[in-house]
1. May I ask you to verify whether residue 33 is in contact with a helix residue (DSSP H, G or I) (Cβ under 8 Å, 6 or more places away or on another chain), within 25 Å of residue 103 (Cβ to Cβ) and either modelled with pLDDT of 80 or more or surrounded by 11 or more Cβ atoms within 10 Å (Cβ to Cβ) (or both)?
2. Specify which of the listed residues (63, 85) is in a strand (DSSP E or B), crowded, with 16+ Cβ neighbours inside 10 Å and touching a helix residue (DSSP H, G or I) at 6+ places or on another chain (Cβ under 6 Å).
3. Among the residues of the range 68-88, write down those that are farther than 12 Å from residue 124 by Cβ and touching a strand residue (DSSP E or B) at 6+ places or on another chain (Cβ under 6 Å).
4. Criterion first (more than 17 Å from residue 127 (Cβ to Cβ) and in contact (Cβ under 8 Å) with a residue 12 or more places away in the chain) does residue 65 satisfy it?
5. Only one of 140, 146 is closer than 15 Å to residue 30 by Cβ and at pLDDT below 95. Can you tell me which?
């Protein structure tokens, strides 16, 4: 009985330690990604996160962008810029590509303005040709009002 309880406590402790270390890595990636926000941009308060195990996996985040606003999307994985490819699509049935950083050498962020409110899908995946990254995809969105 005591051995069974001890094993259960060890297993639960192991999961707690693993979860804590994974969260710390994600927090580190998010703080690195946040360096791309200048004082001009205010975070939307969300951290869009996913764990990507290989280059075949894609994370998908649904967001609403509001008209009359300048946005910055920053995307990171690991400690280096350029390890994460992100693309922005509209939610139209044809799923039109609005932007991909792959066309810009995997730039870590993109600034753009929205004239009218738009629902979007942001896809993120590891760059198959990039350096080794943590596999933790973090996308941050900042905004500032247009005058």
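The values are calculated or read from the model by the stated rules, or taken from the named source; none is laboratory data. Predicted model only: the values in this text are computed from it and were never measured. Using ideal geometry, Cβ is built from the backbone for each residue, glycine included, and neighbour counts are taken over all protein chains shown.
1. Working: in contact with a helix residue (DSSP H, G or I) (Cβ under 8 Å, 6 or more places away or on another chain): no; within 25 Å of residue 103 (Cβ to Cβ): yes; either modelled with pLDDT of 80 or more or surrounded by 11 or more Cβ atoms within 10 Å (Cβ to Cβ) (or both): yes.
No.
2. On the way: 63 fails: touching a helix residue (DSSP H, G or I) at 6+ places or on another chain (Cβ under 6 Å).
None of the other options fit; the residue is 85.
3. Residues of the range 68-88 farther than 12 Å from residue 124 by Cβ: 68-72, 78-82.
69, 70, 71, 72 - these are the residues of the range 68-88 that are farther than 12 Å from residue 124 by Cβ and touching a strand residue (DSSP E or B) at 6+ places or on another chain (Cβ under 6 Å).
4. Numbers: more than 17 Å from residue 127 (Cβ to Cβ): yes; in contact (Cβ under 8 Å) with a residue 12 or more places away in the chain: yes.
Yes; evaluated as a whole, the condition is true for this residue.
5. Answer to the check: 140.
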